[in-house]
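Chemist: Questions regarding the structure given below will be posed in turn.
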Amino acid sequence: GEEYPEIVENKSLIAQTLLNEEERFRATLAHGEGFLNDALDSLKEGDVLDGKSAFTLHDTYGFPFELTCEICAEQGIEVDE
């Protein structure tokens, strides 16, 4: 407050900006998760998710690569890096 009064003055704008970012990230995750689920439907435990799909998730959908790896690992599927 005292050191950065503009933060206090713009509190509602900052809060709204953060809320908008959270909503956009949730939408990003939802779209990417749908793509990932479609890709995983044809795979079984021990298979490997191809690098093209992993890259598309990140590049096109903005889906975090680490999250792709984590979801795949939970199903016993490796990711081709």
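The values are calculated or read from the model by the stated rules, or taken from the named source; none is laboratory data. Model, not experiment: these values are computed from the prediction. Please note: Cβ atoms are built from the backbone with ideal geometry, for glycine as well, and neighbour counts cover all protein chains shown. The accessibility values were calculated without ligands, DNA or RNA, using every heavy atom of the protein model including side chains. Shrake-Rupley method; radii C 1.70, N 1.55, O 1.52, S 1.80 Å.
Chemist: Per residue, how much accessible area does the chain show when a 1.4 Å probe rolls over the protein heavy atoms, in square angstrom?
Modeler: The answer is 75 Å² per residue.
Chemist: So, one more: With θ set to phi - 60°, apply the Karplus curve 6.51 cos²θ - 1.76 cosθ + 1.60 along segment 54-62 and write out the HN-Hα couplings as whole Hz, x wherever there is a Gly or Pro.
Modeler: The phi angles translate into 4, 5, 4, 4, 6, 6, 8, 9, x Hz.
Chemist: Let me have the relative contact order for the chain, percent, based on Cα pairs under 8 Å that are six or more residues apart.
Modeler: 28 percent
Chemist: Using a basic spin-label model with each label point 7 Å from the Cα along Cα→Cβ, how many nm lie between residue 11 and residue 69?
Modeler: 4.1 nm
Chemist: Let me ask you something else. Which cross-chain or sequence-distant (5 or more) residues have an amide H under 5 Å from the amide H of residue 47, H modelled 1.01 Å from N in plane?
Modeler: Distant-sequence amide H within range of residue 47: 78.
Chemist: Hey, any idea what % of the chain's accessible area is carbon plus sulfur with a 1.4 Å probe?
Modeler: On the way: 3140 of 6070 Å².
In the chain, the share of accessible area belonging to carbon and sulfur is 52 percent.
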